[in-house]
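Since the structure comes first, as structure tokens, the remarks are kept for the end.
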Amino acid sequence: MSDILHMFTYKAAPEKVFDAVGTVDGFKNWWTQDTRGGTGIGDTITFGFEHGAYQMPFKVEKNEALKALELKCIGGEGHPWECTRITMELVPNGEYTSLKFAHRDFKAQDEMFMHINSQWAVYLMSLKDYLEKGAGNPHPNDILSNPRP
């Protein structure tokens, strides 16, 4: 199994960061505008891409306010995200908050894995723009690391 790991530090309080990574409305502002569901433990939150062509449902396995969120992909049969886990851990440091991000349990380190890894960096920079400038670039307005034909 292969894991994607990133750590970004944002000039924002933990409350603001957690609101962005722990709520449906938060995700809509930096990851994908097509986000729906809930973020309570046991809830399903679905992230949509490519005008609805890809719908990725995740079960919320952990939601510790101002600390951590853990999601497990429960759909996406045949997609590289199938059965993967996303974890986000907040580390406060004065007026800054670091986010330890992981997308774990990929079955292969292939070209799609490399694309997803690059794309996560793009989205985590979108999160930075959202937190520090007030506007992110969520899908479908993100900067693509590998343009689609």
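Within segment 1-66, report the trypsin sites (Lys or Arg not before Pro) that DSSP leaves as loop and that have at most 12 other Cβ atoms within 10 Å. Spell out each step's value before the answer.
Working: sites: K11, K16, K28, R36, K59, K62; in loops: K11.
For trypsin sites (Lys or Arg not before Pro) across segment 1-66 that sit outside H, G, I, E and B with at most 12 neighbouring Cβ atoms in 10 Å, the list reads K11.
What is the distance, in nm, between label points placed 7 Å from the Cα along the Cα-to-Cβ direction at D3 and at L144?
3.1 nm
Where in segment 116-138 does the label zone of Q33 land, with the point 7 angstrom along Cα→C-beta and an amide N cut-off under 13 Å?
Within reach of a label on Q33: 136-138.
How big is the chain by Rg and Dmax over its Cα atoms, in Å?
Looking at the chain, its Cα Rg and Dmax stand at 14.3, 44 Å.
Among residues other than L71 whose Cβ falls under 11 Å from its Cβ, what is the net charge (Lys/Arg +1, Asp/Glu -1)? Show your work: numbers first, answer last.
On the way: positive: K59, K62, K72, R85, R104; negative: D43, E61, E70.
For residues surrounding L71, the net value is +2.
Would you mind counting up the charge near M1? Only other residues with Cβ under 15 Å from its Cβ, with Lys and Arg at +1 and Asp and Glu at -1. Provide the component values of the computation, followed by the final result.
Numbers: positive: K72, R85, R104, K107; negative: D3, E82, D105, D110.
Summing Lys and Arg as +1 and Asp and Glu as -1 gives 0.
Hand me the chymotrypsin sites (Phe, Trp or Tyr not before Pro) from segment 41-149 located in a DSSP loop with no more than 12 other Cβ atoms within 10 Å, in residue order please.
Details: sites: F47, F49, Y54, F58, W81, Y96, F101, F106, F113, W120, Y123, Y130; in loops: W81.
Answer by residue number: there is no such site.
As a test, work out the antiparallel percent of DSSP beta bridges whose residues both lie in the chain, rounded to the nearest 5. Can you show the working numbers first?
Numbers: 37 of 38 bridges.
Of the beta bridges lying entirely in the chain, close to 95 percent run antiparallel.
Any chance you could give the angle, 0 to 90 degrees and rounded to 10, that helix 111-133 forms with the longest Cα principal axis of the chain?
The two axes meet at around 30 degrees.
Taking only the alpha carbons of segment 80-149, what extent do you get along each of the three principal axes, in Å, biggest first?
39, 27, 14
Under 5 Å between amide hydrogens, which residues at least 5 positions from G136 or on another chain qualify, with H placed 1.01 Å from N in the peptide plane?
Result for G136 returns Y130.
What GluC sites (Glu not before Pro) in segment 85-149 are in a loop by DSSP, with at most 12 other Cβ atoms within 10 Å of the Cβ?
Details: sites: E89, E95, E111, E132; in loops: E95.
For GluC sites (Glu not before Pro) across segment 85-149 that sit outside H, G, I, E and B with at most 12 neighbouring Cβ atoms in 10 Å, the list reads E95.
Pick from S118, S98, S126: which residue has the top mean-square fluctuation in a GNM of the chain where Cα pairs under 10 Å get a spring?
Largest GNM mean-square fluctuation: S118.
Read-outs: derived from the displayed coordinates by stated rules, not from any lab. Quantities reported herein were computed from a predicted structural model and do not represent experimental measurements. Using ideal geometry, Cβ is built from the backbone for each residue, glycine included, and neighbour counts are taken over all protein chains shown.
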